[in-house]
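Asker: Just dropping this structure here.
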Amino acid sequence: MKTEAPPGPRGADGKSAEARDGKSSESRDGKSAKAEGRGKGARRGRELSIKGIPISPGVAIGTVYDTAEAPAAAPRRNITAGQVEAERARLNAAIAASRKQVSKLKARLAILPEEAQEELEPLLDAYSMMLGESRLIRGARKRIEAELLSAETAVDDEAEAIANAILQARDDDKAGLRRRAGEVHEIARRLTRNLTESGFRSFKDVPEGSILIAEELTPADAALLDPSRIAGVAAAEGGADGHTAIMLRALGIPSVLGLPGLTNALSRGDQAVLDGGAGTIVLRPGAEALAAGREASVAYAKERTRLGKLRRLPAVTTDGEEMELQANLEIPAELPLIAQAGAQGVGLVRTEFLFMNRQGLPDEEAHYEAYRQIVEGTDGAGVTIRVLDWGGEKDMEALAEGIEPFHAGPNPALGLRGIRMLLRRPELLEVQFAAILRVASLGKVRILLPMVTIPEEVSKAREIYDRVVKRVRRRGVTLPEKLPPLGVMIETPGAALAADAIALEADFFAIGTNDLAMYTLAVDRAEVEVSHLYDPLHPAVLRLIQFATEAALRLRMPVSVCGEMAGNPRLVPLLMGLGLRSLSMNASAIPRVKQMVRALNVDDCARFARRVMEQSDPLRIQELVMSFVPGEGKG
Ligand code: PEP
Ligand code: MG
């Protein structure tokens, strides 16, 4: 559990002084106290309010569901005698998959500090042994046949029997016995996960209307959440612009991350009020907090209805300048939301979803089906498909499985991420290019390359693209006369500063401000401890955006912003003033951004941007941005 002061949650501008103080308070009769450091069970029954990072707006009132309590085992299942062979084969496949995973973990040991290696090595050796001809494996195989049990049930029963025997052994080292029993259960869980081919967590059993609580949620976990069942999400870890946050916003689930001490502060069955816009959670709310939660919920619903009326109105400034407002898409389930929001197409399809929570790699058909659904679901308004951006926090077990030898490197965010990995494994790029080309006749499609830092990466990708075009044509696929353009994400300082050279190789730019801010400021976008330093309004980031935008505009090349900045209405005057006319954001942000665009005038924006760009103090820039009033032309 983290007991440090909470990190600085952000307001509309990306940060707020009040939030930086951290508000964790326990209250009864108006008294309050810091919540940090309280262990589980502390002052049960009292109302406790914790402040974190606002991630996705909306208010949830419900019972908490702690993911740590989620059952790891699959339901018990019997089989018939005729199914024994198939069940044993399933078990063998799961053993092979588990062995591979453990050897991969071992391969990564070398990059850990020596003490960690010393601790982990014997553990992984024990796992490897258990996955050999161990008592666990022999016993599970026997149970499948003798007791007609499914592989999952057989593994579970055998692990339970072995663990019990270990715990009952005559040995004074009780902690050692517990540790060994725990190892048996851990291997059984890994086998079960591989047997069920589910992700490493399942949220299917979460009772409807619950507020999901986790210490940490990965982007792949978030992809498994069903927004119609889960009322809200709260986690102790996570930053505002990490992929988990982006996924939660995409799903429209009210969410707060970076809540210090959260998991230790709650008990099973607690009620909670979560306000995703304010970035707060109140555990065990009293009558007053409940009433305030209900009021906030009604206000949020009214605001949504009001903004919904903007859907059919154009995004045009008061002096007639048109803005293109597109949506980012994380998973195809967002398509109805995107349509509702009145997006002019999709400016960024993050294709990582195709690789999440699965064992094998998706084939061309799987890509094609997903892209077809997206292109058809947006009425041909234009879809920009970004090829796989694997790496950094987007660590997908599935992809790691499909790519051997896998090596994340000492710093995955600076390693084989995005285009670097795709050029190392061109077969992955070829599959995506082919599938994208096949949907090009269904609507306007563009292709986007992630994590480019040098022009050569673009020219190499283009060579592969040309090859795939020929191959697809040979297969008899009809391609449109104008092939999908090949664009580049500008999301590293290197790419931004070399934008003029990269622009010569690219057909368009999409500025990824999330990574651009992360790499410029050396602040991990998903790391709660440094989230107060993550600031897309830092002058260094703004200057890079300006440099890249101007490089594109000089060549009359399309340029857009598709990082989270684009969805913040307060930043629209500045981005427009820098010359940007195309923004892509999470769908739910479109109405508010459109409202802002419709109140602006281009000259005011240009003047405002000049004023901002003269500043070198991030705090002064925050002030200017927060005090800009549309129509008054001043900040
Ligand atoms: C970005 O980095 O701003 C971006 C849009 O890409 P992603 O968030 O998927 O890394
Ligand atoms: Mg990025």
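The values are calculated or read from the model by the stated rules, or taken from the named source; none is laboratory data. All values derive from a computational prediction rather than experimental measurement. Counting neighbours? That spans all protein chains shown, and the Cβs are built from the backbone with ideal geometry, glycine included. Protein only, heavy atoms only, side chains kept; ligands, DNA and RNA dropped before computing areas. Shrake-Rupley method; radii C 1.70, N 1.55, O 1.52, S 1.80 Å.
Asker: Quick one: putting +1 on the C-beta of Lys and Arg, -1 on the C-beta of Asp and Glu, what dipole do you get for the range 81-195 around its Cα centre, in Debye to the nearest 20?
Answerer: Details: 20 positive and 21 negative charges, 77 e Å.
My answer is approximately 360 debye.
Asker: Amide H of SER49: which non-local residues (sequence gap of 5 or more, or other chain) have their own amide H closer than 5 Å, using H built in the peptide plane?
Answerer: SER25, GLU26, SER27, LEU283
Asker: What size of dipole, in debye to the nearest 20, comes out for the range 252-340 about its Cα centre when the only charges are +1 on Lys and Arg C-beta atoms and -1 on Asp and Glu C-beta atoms?
Answerer: On the way: 9 positive and 11 negative charges, 97 e Å.
So the dipole magnitude of the range 252-340 works out to roughly 460 debye.
Asker: So how strong a dipole does the chain carry about its Cα centre when Lys and Arg Cβ are +1 and Asp and Glu Cβ are -1, to the nearest 20 debye?
Answerer: Numbers: 84 positive and 88 negative charges, 222 e Å.
Roughly 1060 debye for the chain.
Asker: A further question follows. So, counting K/R as plus one and D/E as minus one, what does the shell of residues with Cβ under 12 Å around ARG294 add up to?
Answerer: On the way: positive: none; negative: ASP275, GLU288, GLU295.
Result for the local shell: -3.
Asker: Roughly how many Å² is the accessible area per residue of the chain, as a whole number, for a 1.4 Å probe? Write down the numbers at each step before the final one.
Answerer: Numbers: 27050 Å² over 635 residues.
Heavy-atom SASA per residue in the chain reads 43 Å².
Asker: Just going by the charge dipole of the chain, with Lys and Arg at +1 and Asp and Glu at -1 on Cβ, which of PRO536, LEU325, GLY380 is farthest out on the positive end?
Answerer: Result: GLY380.
Asker: So, one more: Show me the GluC sites (Glu not before Pro) within the range 453-535 that DSSP assigns to loop and that have at most 14 other Cβ atoms within 10 Å of their Cβ.
Answerer: Numbers: sites: GLU456, GLU457, GLU463, GLU481, GLU491, GLU505, GLU527, GLU529; in loops: GLU481, GLU491, GLU505, GLU527.
Qualifying residues, ordered by number: GLU481.
Asker: Then there is this: Which residue, chosen from GLY139, TYR368, ILE454, occupies the Cα position most advanced towards the positive end of the dipole of the chain, where the dipole is computed from +1 (Lys, Arg) and -1 (Asp, Glu) charges on Cβ about the Cα centre?
Answerer: The Cα lying farthest towards the positive end belongs to TYR368.
Asker: Compare THR63, THR305 by solvent-accessible area with a 1.4 Å probe and give them largest first, with all protein chains kept in place.
Answerer: THR305, THR63
Asker: Identify the GluC sites (Glu not before Pro) of the range 181-259 meeting these criteria: DSSP loop state and at most 11 other C-beta atoms within 10 Å of the C-beta. Write down the numbers at each step before the final one.
Answerer: Values: sites: GLU183, GLU186, GLU197, GLU208, GLU215, GLU216, GLU237; in loops: GLU197, GLU208, GLU215, GLU216, GLU237.
Answer by residue number: GLU208.
Asker: Right, next: Where the Cα atoms of the range 281-350 are projected onto their three principal axes, how long is each span, largest first, in whole Å?
Answerer: 49, 33, 16
Asker: Further question: Applying the Karplus parametrisation 6.51 cos²θ - 1.76 cosθ + 1.60 with θ = phi - 60° to the phi angles of the range 511-523, what ³J(HN,Hα) value in whole Hz is obtained for each residue in order, glycine and proline being reported as x?
Answerer: 8, x, 6, 5, 6, 4, 5, 4, 6, 6, 9, 6, 10
Asker: Could I ask something else about it? Provide the packing ranking of 447-455, 267-275, i.e. peptides ordered by the mean count of other C-beta atoms within 10 Å per residue, highest first.
Answerer: Details: 447-455: 23.2, 267-275: 19.1.
For the peptides 447-455, 267-275, the packing ranking is 447-455, 267-275.
Asker: Now a separate question. Taking the alpha-carbon set of the range 476-635, what are its Rg and Dmax in Å?
Answerer: Radius of gyration, then largest Cα-Cα span, for the range 476-635: 16.3, 59 Å.
Asker: Once you have the alpha carbon radius of gyration of the chain, what is it after dividing by 2.2 N^0.38 Å, with N set to its residue count?
Answerer: On the way: Rg = 26.0 Å, N = 635, 2.2 N^0.38 = 25.6 Å.
After normalising by residue count via 2.2 N^0.38 Å, the value is 1.02.
Asker: Can you give the Rg to Rh ratio for the range 81-195, taking only C-alpha atoms and Rh from Kirkwood? Mind showing how you got there, number by number?
Answerer: Numbers: Rg = 15.2 Å, Rh = 14.9 Å.
Here Rg/Rh amounts to 1.02.
Asker: Amide H neighbours of SER210 under 5 Å, at least 5 residues apart or on other chains, H built in the peptide plane: list them.
Answerer: ALA231
Asker: Starting from the amide H of GLN326, placed 1.01 Å from N in the peptide plane, find each other amide H under 5 Å away whose residue is 5 or more places distant or on another chain.
Answerer: Residues meeting the amide H criterion: GLN344, LEU583, SER584, MET585.
Asker: Then there's this: Output wanted: per-residue J couplings in Hz (rounded whole) for the range 427-435, from phi through Karplus 6.51 cos²θ - 1.76 cosθ + 1.60, θ = phi - 60°, x for Gly and Pro.
Answerer: In residue order, the calculated couplings are 4, 5, 5, 4, 4, 5, 4, 4, 5 Hz.
Asker: Ignoring ligands, DNA and RNA, please state the percent of accessible area on the chain from carbon and sulfur, probe 1.4 Å. Write down the numbers at each step before the final one.
Answerer: Details: 13770 of 27050 Å².
Carbon with sulfur: 51 percent of the solvent-accessible area.
Asker: In the range 458-503, which trypsin sites (Lys or Arg not before Pro) fall in coil by DSSP and have 11 or fewer other Cβ atoms within 10 Å? Spell out each step's value before the answer.
Answerer: Numbers: sites: LYS460, ARG462, ARG467, LYS470, ARG471, ARG473, ARG474, ARG475, LYS482; in loops: ARG475, LYS482.
Those satisfying the criteria are ARG475, LYS482.
Asker: Still on this structure: Which ³J(HN,Hα) values in Hz, rounded to whole numbers, follow from the phi angles of the range 232-247 under the Karplus curve 6.51 cos²θ - 1.76 cosθ + 1.60, where θ = phi - 60° and Gly and Pro get x?
Answerer: The phi angles translate into x, 10, 9, 9, 6, 9, x, x, 5, 10, x, 5, 5, 4, 4, 5 Hz.
Asker: Let me ask another. Arrange the peptides 323-332, 47-56, 337-346 so that the one whose residues have, on average, the most other Cβ atoms within 10 Å appears first. Walk me through the numbers on the way to the answer.
Answerer: Details: 323-332: 24.0, 47-56: 25.8, 337-346: 21.0.
The most tightly packed comes first, giving 47-56, 323-332, 337-346.
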